[in-house]
Amino acid sequence: MKNHINKWEAKKMESCIATWKSPSNIALLKYWGKLEGQLPVNPSLSFSLSEAYTITKITATPDKMKAGITALNKNPEHPFLQKIKPFWQTVIKEIPLLKDYCIEIETENTFPHSAGIASSASGFSALALCFLSLAEKLSGNQLAEQDFFQSASALSRQGSGSACRSVYGGFTVWGKTALWHNSSDLHAIGINEDIHSDFKNLHDAILLVSAKEKSLSSSKGHSLMNNHPFAGGRILQANKHLSFFKKALKEGDFNLLSETSEAEALSLHAVIMSSAGGEILLQPQSIELINRIRTARNKGLRIFFTIDAGPNIHLIYPEKEKINAENFIQQELFDICDKTKIIFDKTGNGATKIN
Ligand code: PMV
């Protein structure tokens with residue numbers, strides 16, 4: 001990857017504002033386990049969402065005395081500042097021209113913090129996009145669009161791995177793989193040209209079993225892959241699943257897509273359960289939902305599930321199956337998951353700049 005960021009030099013010191021809207025994403029192939037520098041032990045594949053996003057505005061004011069992030073939503077003591085401040089160190093290493101600026105962040109999510117949707121993906125990608133826009137304005141050096149998004153993806157990755165997939169719309173792959181010549185461990189790539197028209201607009205109905213904070217943080221989860229007895233097998237399997245996903249998504253093969261997605265989600269939980277400490281994140285309702293989804297699919301409904309590192313079930317279906325799938329949810333899942341606990345989302349177009 002070309003390193004566009006470090007070449008930038010400040011032309012002027014002046015106040016500057018950048019605002020971006022960036023979505024969350026749902027991984028069908030899971031990133032689980034990392035190496036130093038927030039590099040993945042296996043490739044992952046996801047699609048960006050449309051309704052679950054973060055809007056972030058950053059105001060940068062030249063001020064050596066107050067340099068650094070001083071407030072989040074006007075609160076200098078905001079608890080999330082502890083999560084963002086380590087990322088600031090990465091930002092000023094990559095974009096040194098920002099180091100003498102006082103940074104104020106205003107941010108809001110369209111989904112509740114505890115909704116079981118990864119807010120770190122939308123949150124860190126929105127931050128990275130804003131910081132890069134500020135760098136462009138202050139250096140007077142505007143990148144070509146493709147280079148801008150690639151740099152934003154690489155910077156987002158250093159805040160939260162899955163965030164690097166959020167800057168692009170539709171489907172993305174993150175992690176070096178022989179299956180895509182331009183893939184990289186440093187940033188995600190868009191793969192929409194490899195997606196069959198049936199799968200371009202997948203829906204994701206998020207069935208909330210629990211809206212509590214995750215009992216296993218992703219940083220702890222990733223670290224459990226170090227010295228995991230099944231790590232080698234898991235990494236081989238993830239790479240094999242990627243080749244199945246590529247084939248299924250390209251050929252419009254629903255059976256292969258659904259089988260691979262569910263095998264992948266259950267493998268993530270198997271690895272979590274067999275880690276030191278043996279966490280069980282699925283709850284009885286999660287298992288009941290899985291069983292009902294599989295029974296309905298066996299009767300011909302084109303639906304399948306994926307699960308992140310928590311108890312909530314993501315029910316995925318193609319656009320063509322929307323009416324039948326949503327009737328099924330209403331008739332057969334409302335007793336486990338009432339309608340206030342279902343978030344209806346779908347494939348989205350990626351991050352956008354707000355003027
Ligand atoms: O980006 P992180 O560190 O929050 O890890 C994300 C892990 C999973 O959501 C379980 C999988 C993924 O690829 O999104």
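All but one of (1) within 21 Å of F244 (Cβ to Cβ); (2) in a strand (DSSP E or B) hold for I17, so report the exception by its number.
(1)
Of all residues in region 306-339 being among the polar types (S, T, N, Q) and in a helix (DSSP H, G or I), which is surrounded by the most Cβ atoms within 10 Å (Cβ to Cβ)?
Quick first cut of region 306-339, residues among the polar types (S, T, N, Q) only: 306, 312, 324, 327, 330-331.
Checking which are in a helix (DSSP H, G or I) leaves us with 324, 327, 330-331.
On the way: N324: 15, N327: 11, Q330: 11, Q331: 10.
The extreme case among them is N324.
Filter region 113-137 down to residues that are surrounded by fewer than 23 Cβ atoms within 10 Å (Cβ to Cβ) and either among the polar types (S, T, N, Q) or more than 20 Å from the chain's Cα centre (by Cα) (or both) and give me whichever is nearest to G175 (Cα to Cα).
It comes out as S120.
Determine which member of the set S50, S46 is in contact with a Gly (Cβ under 7 Å, 6 or more places away or on another chain) and either in a strand (DSSP E or B) or closer than 25 Å to L186 by Cα (or both).
On the way: S46 fails: in contact with a Gly (Cβ under 7 Å, 6 or more places away or on another chain).
Among S50, S46, only S50 is in contact with a Gly (Cβ under 7 Å, 6 or more places away or on another chain) and either in a strand (DSSP E or B) or closer than 25 Å to L186 by Cα (or both).
Test S151 against the criterion of being at pLDDT below 95 and assigned to a helix (DSSP H, G or I), and give yes or no. Working first, answer last.
Details: at pLDDT below 95: no; assigned to a helix (DSSP H, G or I): yes.
Criteria not met by S151.
Evaluate the following for L216: is it under 19 Å from A118 (Cα atoms), modelled with pLDDT under 95, within 13 Å of the ligand (Cβ to nearest atom) and under 19 Å from the mean Cα position of the chain (by Cα)? So that I can check it myself, show each step before the final result.
Details: under 19 Å from A118 (Cα atoms): yes; modelled with pLDDT under 95: yes; within 13 Å of the ligand (Cβ to nearest atom): yes; under 19 Å from the mean Cα position of the chain (by Cα): yes.
Answer is yes for this residue.
Tell me which residues, restricted to region 256-305, are in a loop (DSSP other than H, G, I, E, B), within 16 Å of the ligand (Cβ to nearest atom) and surrounded by 15 or more Cβ atoms within 10 Å (Cβ to Cβ).
Selection gives S275, E279, L281, L282.
Considering L98, L49, L45, which residue is closer than 30 Å to I343 by Cβ, surrounded by 19 or more Cβ atoms within 10 Å (Cβ to Cβ), in contact with a Leu (Cβ under 8 Å, 6 or more places away or on another chain) and touching a residue at least 24 places away in the same chain (Cβ under 8 Å)?
Values: L98 fails: closer than 30 Å to I343 by Cβ; L49 fails: in contact with a Leu (Cβ under 8 Å, 6 or more places away or on another chain).
Result of the check over L98, L49, L45: L45.
Any chance region 67-85 includes a residue that's in a helix (DSSP H, G or I), β-branched (V, I, T) and either within 15 Å of the ligand (Cβ to nearest atom) or more than 23 Å from S184 (Cβ to Cβ) (or both)? Step through it out loud before you land on a result.
Start the filter on region 67-85 by keeping residues that are in a helix (DSSP H, G or I), which leaves 81-85.
Then keep just the ones that are β-branched (V, I, T); that gives 84.
This time we only want the ones that are either within 15 Å of the ligand (Cβ to nearest atom) or more than 23 Å from S184 (Cβ to Cβ) (or both), so: 84.
Yes: region 67-85 contains one or more residues that are in a helix (DSSP H, G or I), β-branched (V, I, T) and either within 15 Å of the ligand (Cβ to nearest atom) or more than 23 Å from S184 (Cβ to Cβ) (or both).
Quick one: is I26 outside any loop (DSSP other than H, G, I, E, B), surrounded by fewer than 20 Cβ atoms within 10 Å (Cβ to Cβ) and either away from the ligand (no atom under 16 Å from the Cβ) or touching a residue at least 12 places away in the same chain (Cβ under 8 Å) (or both)?
Numbers: outside any loop (DSSP other than H, G, I, E, B): yes; surrounded by fewer than 20 Cβ atoms within 10 Å (Cβ to Cβ): no; either away from the ligand (no atom under 16 Å from the Cβ) or touching a residue at least 12 places away in the same chain (Cβ under 8 Å) (or both): yes.
Spelling it out, it is not the case that I26 is outside any loop (DSSP other than H, G, I, E, B), surrounded by fewer than 20 Cβ atoms within 10 Å (Cβ to Cβ) and either away from the ligand (no atom under 16 Å from the Cβ) or touching a residue at least 12 places away in the same chain (Cβ under 8 Å) (or both).
The values are calculated or read from the model by the stated rules, or taken from the named source; none is laboratory data. This structure is a prediction, so every number in the text was calculated from the model and none was measured. When we count neighbours, we look across all protein chains shown, and the Cβ atoms used for this are built from the backbone with ideal geometry, even at glycine.
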